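Contents: one structure, followed by commentary.
Each reported figure results from applying straightforward, stated rules to the coordinates on display, with no laboratory input. Nothing here was measured: the structure is a model prediction, and the numbers come from that model. Cβ coordinates were reconstructed from backbone atoms using ideal geometry, including for glycine residues, and neighbour counts include every protein chain displayed.
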Amino acid sequence: MVKEFQSSLADARKMDELDDLSEYRTRYHIPVQKNGEPIIYLCGNSLGLQPKSTKENVLQELTDWENLGVEGHFHAKNPWMPYHEFLTKAMAKVVGAQPNEVIVMNTLTVNLHLMLVSFYRPQGKRVKILIESDAFPSDKYAVQSQLRFHGYDPQECLIEFTPRPGESCLRNEDIKEVIEREGSTIALILLGNTNYYTGQFFDIKQISIWGHEQGCMVGFDCAHGAGNVPLNLHDSGCDFAVWCNYKYLNSGPGGMGGAFINERHLNSEGIPRLEGWWGHNKETRFKMRDAFDPIPTAEAWQLSNPPILSMVSAWSALKLFDEVGMERLRRKSIALTAYLENLVKSLGEEVINIITPADPEQRGSQLSIQVKNAKKDLFNTITSEGVIADWREPEVIRVAPVPMYNSFEDVFRFYDILKKAVSE
Ligand SMILES: *Cc1c(COP(=O)(O)O)cnc(C)c1O
């Protein structure tokens with residue numbers, strides 16, 4: 001049965017008035033439609049919007065480079081030499097880690113490979129990698145290529161968590177069962193901590209425990225988790241995690257990635273690493289000595305000196321997360337997504353089916369809405385009405401009202417447009 005749920009634009013506006021984060025919307029550039037109205041931007045899970053502070057901060061670095069040249073490494077307003085350190089604390093807070101466990105560097109898939117070098121250590125009959133059957137394609141390519149790199153056949157050595165027939169999300173008891181059954185041959189478990197397609201948010205602590213009981217390494221791709229859900233990476237006990245900053249974290253197209261390495265693996269003899277000069281002891285980095293002397297934190301995994309023009313956008317955006325805090329964002333996110341869920345469900349089960357879990361503990365901002373028998377035309381219609389969302393064949397619309405800059409009014413307007421489109 002579908003719950004009766006009635007709401008109006010006036011109700012949505014009332015909720016925005018009561019929302020203590022509504023002011024943050026004004027700190028971002030919201031794209032506008034041809035008619036001058038703001039776009040209903042529900043795609044922050046794909047590319048987050050630009051903070052208004054970013055341009056000025058980027059210009060600061062360009063100006064310092066203009067005026068100082070190489071001297072900017074020490075004398076820029078924000079010296080480039082230790083630049084990555086400016087981001088670490090705020091980044092660690094977002095993902096629930098200790099600052100020594102976190103590094104903002106490279107991009108996501110690059111970081112995933114670097115972590116696989118360290119944490120995929122096949123030995124004896126423990127050689128397999130376990131991932132989700134609907135893992136993000138890049139993650140799948142990364143693990144397949146690592147398997148081949150180590151001389152294994154992905155056909156045999158890549159095993160997958162698959163939902164039950166007719167279901168889209170994975171059940172906890174099934175995850176446990178696969179890990180217990182296959183554990184002795186699994187070297188590494190890699191899961192998207194929040195699945196990009198279904199929006200399912202996994203219990204990463206529980207999965208880490210199950211994996212470790214079987215002697216497996218456990219890592220998470222938090223591309224859809226960072227800045228969206230409470231991650232508590234340190235407390236989860238997982239071995240490593242990677243993410244990008246351009247989805248919920250608004251660092252701009254192709255923006256910086258991040259990595260988490262559990263404290264117990266820092267400075268650990270058994271964990272090899274690909275190395276470069278920016279991972280070397282800062283005191284002696286420029287002495288160009290022979291032996292690599294790793295920084296005793298996640299910084300040891302840094303290869304190159306960081307791209308300042310990309311780092312500055314990530315930093316600008318992180319400052320806003322630091323100001324608001326994940327707890328407040330999460331509180332609003334739960335309310336905003338519940339509002340969207342109630343509105344969409346009122347369209348009726350004959351018309352829509354939400355494949356994202358109904359339990360707020362098992363999801364973040366995103367809802368993946370299956371519109372039964374819909375064609376891409378339907379999506380084109382809502383796009384022409386000013387909605388930016390994401391279409392996945394065969395008939396799923398992914399929408400993510402993000403608490404940082406989306407309003408209850410955005411959610412209501414989306415629903416109103418969808419309702420008209422499905423009734424046509
Ligand atoms: C967005 C996303 C990526 C993208 O990888 P890039 O290296 O940033 O291009 C990879 N994996 C997942 C799970 C994603 O959601």
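Tabulated data
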{"read-out": "Residue list for region 126-168, filter: assigned to a loop (DSSP other than H, G, I, E, B) and away from the ligand (no atom under 16 Å from the Cβ)", "value": "Val127, His150, Gly151, Tyr152, Asp153, Thr162, Pro163, Arg164, Pro165, Gly166, Glu167, Ser168"}
{"read-out": "Some residue of region 353-362 being in a helix (DSSP H, G or I), surrounded by fewer than 17 Cβ atoms within 10 Å (Cβ to Cβ) and in contact with a helix residue (DSSP H, G or I) (Cβ under 9 Å, 6 or more places away or on another chain)", "value": "yes"}
{"read-out": "Residue that is nearest to Ile354 (Cα to Cα), among those in region 382-400 that are in a strand (DSSP E or B) and without any contact (Cβ under 8 Å) to a residue 60 or more places away in the chain", "value": "Ile397"}
{"read-out": "Val110 being in a helix (DSSP H, G or I), within 16 Å of the ligand (Cβ to nearest atom), β-branched (Val, Ile, Thr) and within 18 Å of Trp278 (Cα to Cα)", "value": "yes"}
{"read-out": "Close pairs (8 angstrom Cβ cut-off, 6 or more residues apart or separate chains): outside any strand (DSSP E or B) in region 174-198, within 16 Å of the ligand (Cβ to nearest atom) and among the hydroxyl-bearing types (Ser, Thr, Tyr) anywhere", "value": "Tyr197/Ser368; Thr198/Thr356; Thr198/Ser368"}
{"read-out": "Where a residue in region 42-63 is assigned to a helix (DSSP H, G or I) and its partner, wherever it lies, is within 16 Å of the ligand (Cβ to nearest atom) and hydroxyl-bearing (Ser, Thr, Tyr), with Cβ under 9 Å and at least six apart", "value": "Thr54/Ser251; Thr54/Ser313; Asn57/Ser313; Val58/Ser313"}
{"read-out": "Hits in region 272-318 - residues which are over 27 Å from Pro51 (Cα atoms), of a type in the set (A, V, I, L, M, F, W, C) and in a helix (DSSP H, G or I)", "value": "Trp277, Trp278, Phe286, Ala298, Ala300, Trp301"}
{"read-out": "Index of the failed condition, Ala374 passing every other in (1) under 29 Å from Pro230 (Cα atoms); (2) among the aliphatic types (A, V, I, L, M); (3) out of contact with any Leu (no Cβ under 7 Å at 6 or more places or on another chain); (4) not in a helix (DSSP H, G or I)", "value": "(1)"}
